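Working notes for the structure below.
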Amino acid sequence: MTSIARRRPLPRVSAPLDLWLLAGAALWLLGVGYGLRDPWPADEPRFALIGRDIIETGRWFIPHRGPEVYAEKPPVFLWLQALAYALTGSSRMGFLLPSLLAALGTLGLTWDLARRLYGRQIAFWAGMALLLTVQFTLQGRTAQIDMVLVLFTTLGLYGLLRHLLLGPAWGWYVLAGLATGIGVITKGTGFLPWLILIPYAIARWRGMYGLADIRGGWRWSLGPLALLLPILAWALPLLYFAAQPGNAEIAAYRDDLLLRQTVTRYANAWMHIKPFWYFAVEVVPVLWLPMSLISLWALPAWWRRIGRGDARPFLLLGWIALVLLFFSLSPGKRGVYILPALPALALALAPLLPGLLRRPGLQRGLAVLSVLISAVLVIAAGWALLGQPSFAARIELENGVAPWGWIFGAGVCGLAAGLIFWRRGMLAFAVLMLSLWTGYGLLGFAGMNAARSGAGLMQRAQAQLPAHARLGLLGGPEQFLLQAQGDARAFGFLTALAVQRQRAYAWLRESPQHWLLLQHPHLDACIDAGQSIDLGWSNRRHWVLIPSAAQRTDCPQAPANTGAEVAPPQPSNEIPRAQQP
């Protein structure tokens, strides 16, 4: 049995150094490489393109993706993308800004609530645990909706817990309603913090300690009313305009967004189909490291505290379980869906961290984890550098570069840290994460950007175009329209390929200055393939450029209408993958 004397105490970080260290680590881990890359698929180019379109066209209320209405997500994140573009004047400099600020805000809220519940020293370690968690840092460095959603759900949870545990605080309770309401029109699941009222009611019924003495009566209704306020402020004008004659486009937007993309997508998902246990077995153990590993050591302490009647871990762990259950019940699952629960896990672990991180078993477990991850990186990168494994060829084709040098270096740093700090495994894991995110941001971003963003292909296309030429995109992804120079034309993204082809061919005939970019497998009998210009591979597909003269005169004439009306949305906007050599 390990004696207390052998347990190394955690270093005590005094104020204000603790906050400076946490802020500095956050800015580096979340921000290193900022501005060195453009938006990458799958989602980033779409959102950046919509944000730019909002500023250039003023279409704030009904967002558009090129010629199509975009009804897959509510508008708040798209508005933030537009504001970031307007602030920076550049998609490259602006598209990551909402996620970066949201991650910093979420970290600050978690730190402050942990400070109020458990003290400043504990808050520092809770903040560090959250910051080092793989999924949190990954999403903070990615321009997807989910990090901004987490900011609003964490603010909602913060307000509710300020009221339920540290209150009564009716102002924070109302603010929780407003935050979650904005969260709903960011992504439909913004209401999730209100599920904490279920374990709260059970805790009150069981007489658990740690709850605020709250007697509010009618004031309990203020939170749900505040939740509805931002939702109705957006939805009522939408419903009104959609009901007016001649607004078929707005009506279709209403039906797709409010019904198909919310209710139907949850209850009868048509994509990302995963088994019920997907989050618990495949996501949490990996993407929630190191907190998922630390939680194994925390289980007995949580059990004892809840058994003694402590409401704080009961509320937090109960809410996390409800979030996991809510998403597990839907057939459609993505790992990022459960991200809102991560700050709550950091708060649940917070009072235990000083004791847990003194345990040699946990520290050595973290050191072993760091060594194993690092060894995999070193072996894989070394094999790729010295040989030609199939996985390396696939990764190099998709990313346009061999990233093995910085991956090998990060793995070596992680191995060294795991061996040197084998009694300080949390420090070894921190060094590994620091090495990976630094290499990824400074070297990975710059090396992979041309291929992953589509910028390289669009530069090759621009070099082939004559002066004053206009480029059309047939079956191209959003990043091509985002990266295109000059007056480029897209013929749809969700629109059926046959309809896009009709519009593209009619447009191609309008002027000898019109050129068309399309996938090589999409060449048909209407195009003289001998006049096509091979542009190579990008985003796992083979692309060619054709001039107006390449269209055969004996090809059946397509309808001349090249307007922006679109076919009904298809189950997926993924372009079929071309067969690679």
Unique residue being crowded, with 20+ Cβ neighbours inside 10 Å, among the β-branched types (Val, Ile, Thr) and modelled with pLDDT of 90 or more when the list is Val32, Val76: Val76
Odd one out for Trp277 among (1) in contact with a strand residue (DSSP E or B) (Cβ under 7 Å, 6 or more places away or on another chain); (2) open to solvent by 30 Å² or more (accessible area, probe 1.4 Å); (3) at pLDDT 90 or above; (4) more than 25 Å from Leu160 (Cβ to Cβ): (1)
Answer from Gln551, Gln500, Gln464, Gln485 - the residue that is farther than 27 Å from Gly400 by Cβ and among the polar types (S, T, N, Q): Gln551
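Anything in the stretch 504-550 that is of a type in the set (Gly, Ala, Ser), closer than 21 Å to Phe493 by Cα and in a strand (DSSP E or B)? List them, or say none. Give the steps one after another, and end with the answer.
Of all residues in the stretch 504-550, those of a type in the set (Gly, Ala, Ser) come to 504, 506, 511, 525, 529-530, 532, 536, 538, 548-550.
Filter again for closer than 21 Å to Phe493 by Cα, leaving 504, 506, 538.
The answer is Ser538, and nothing else.
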Any hit, the stretch 97-120, residues being of a type in the set (Phe, Trp, Tyr), assigned to a helix (DSSP H, G or I), modelled with pLDDT of 95 or more and closer than 21 Å to Ala350 by Cα: yes
Qualifying positions in the stretch 49-69 - touching a strand residue (DSSP E or B) at 6+ places or on another chain (Cβ under 8 Å) and at positive phi: Gly66
Subset of the stretch 393-406 that is open to solvent by less than 30 Å² (accessible area, probe 1.4 Å) and assigned to a helix (DSSP H, G or I) - its residue that is nearest to Trp297 (Cα to Cα): Trp404
Failed condition for Leu349, given (1) buried (at least 24 other Cβ atoms within 10 Å of the Cβ); (2) not in a helix (DSSP H, G or I): (2)
Odd one out for Ala467, checked against (1) open to solvent by less than 60 Å² (accessible area, probe 1.4 Å); (2) farther than 30 Å from Val368 by Cα: (1)
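Please state which one of Gly414, Gly441 is more than 30 Å from Gln485 (Cβ to Cβ), open to solvent by less than 30 Å² (accessible area, probe 1.4 Å) and at pLDDT 95 or above.
Being more than 30 Å from Gln485 (Cβ to Cβ), open to solvent by less than 30 Å² (accessible area, probe 1.4 Å) and at pLDDT 95 or above holds for just one of Gly414, Gly441, which is Gly414.
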Selection from the stretch 46-65 of residues that are in contact (Cβ under 8 Å) with a residue 24 or more places away in the chain, open to solvent by less than 60 Å² (accessible area, probe 1.4 Å) and touching a Phe, Trp or Tyr at 6+ places or on another chain (Cβ under 8 Å): Arg46, Phe47, Ala48, Ile50, Gly51, Arg52, Ile54, Ile62, Arg65
Residue that is nearest to Ile294 (Cα to Cα) [pool: residues in the stretch 109-140 that are under 16 Å from the mean Cα position of the chain (by Cα) and open to solvent by 10 Å² or more (accessible area, probe 1.4 Å)]: Val134
Qualifying residue in the stretch 421-432 (condition: touching a strand residue (DSSP E or B) at 6+ places or on another chain (Cβ under 8 Å), among the charged types (D, E, K, R) and surrounded by fewer than 20 Cβ atoms within 10 Å (Cβ to Cβ)): no
Any hit, the stretch 66-73, residues being of a type outside the set (A, V, I, L, M, F, W, C), within 29 Å of Gly33 (Cα to Cα), modelled with pLDDT under 95 and open to solvent by less than 40 Å² (accessible area, probe 1.4 Å): yes
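Conditions tested, residue by residue: (1) modelled with pLDDT under 90; (2) within 24 Å of Ser91 (Cβ to Cβ).
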residue: Leu494; (1), (2): yes, yes
residue: His520; (1), (2): no, no
residue: Trp537; (1), (2): yes, yes
residue: Val544; (1), (2): no, no
residue: Cys555; (1), (2): yes, no
residue: Asn561; (1), (2): yes, no
Condition check for Arg162: among the basic types (Lys, Arg), farther than 20 Å from Thr110 by Cα and in contact (Cβ under 8 Å) with a residue 24 or more places away in the chain: no
Of all residues in the stretch 298-325 being in contact with a Leu (Cβ under 7 Å, 6 or more places away or on another chain) and closer than 16 Å to Thr189 by Cα, the one that is most open to solvent (accessible area, probe 1.4 Å): Leu322
Qualifying residue in the stretch 88-104 (condition: under 30 Å from Gln500 (Cβ atoms), open to solvent by 10 Å² or more (accessible area, probe 1.4 Å) and in contact (Cβ under 8 Å) with a residue 24 or more places away in the chain): yes
Unique residue being closer than 22 Å to Leu434 by Cβ and among the small types (Gly, Ala, Ser) when the list is Ala114, Ala179, Ala103, Ala86: Ala103
Residues satisfying the stated conditions in the stretch 240-271, i.e. of a type in the set (Gly, Ala, Ser), farther than 15 Å from Pro63 by Cβ and either in contact with a Cys (Cβ under 7 Å, 6 or more places away or on another chain) or in contact (Cβ under 8 Å) with a residue 60 or more places away in the chain (or both): Ala267, Ala269
Single condition Ser532 does not satisfy, out of (1) open to solvent by 30 Å² or more (accessible area, probe 1.4 Å); (2) over 28 Å from the mean Cα position of the chain (by Cα); (3) modelled with pLDDT of 90 or more; (4) within 30 Å of Met93 (Cα to Cα): (4)
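The values are calculated or read from the model by the stated rules, or taken from the named source; none is laboratory data. Note that this is a predicted model, so its numbers are computed, not measured. So basically every Cβ, Gly included, is an ideal-geometry build from the backbone, and we count neighbours across all protein chains shown. Ligands, DNA and RNA are excluded from the accessible area calculation, which covers all protein heavy atoms including side chains. Shrake-Rupley method; radii C 1.70, N 1.55, O 1.52, S 1.80 Å.
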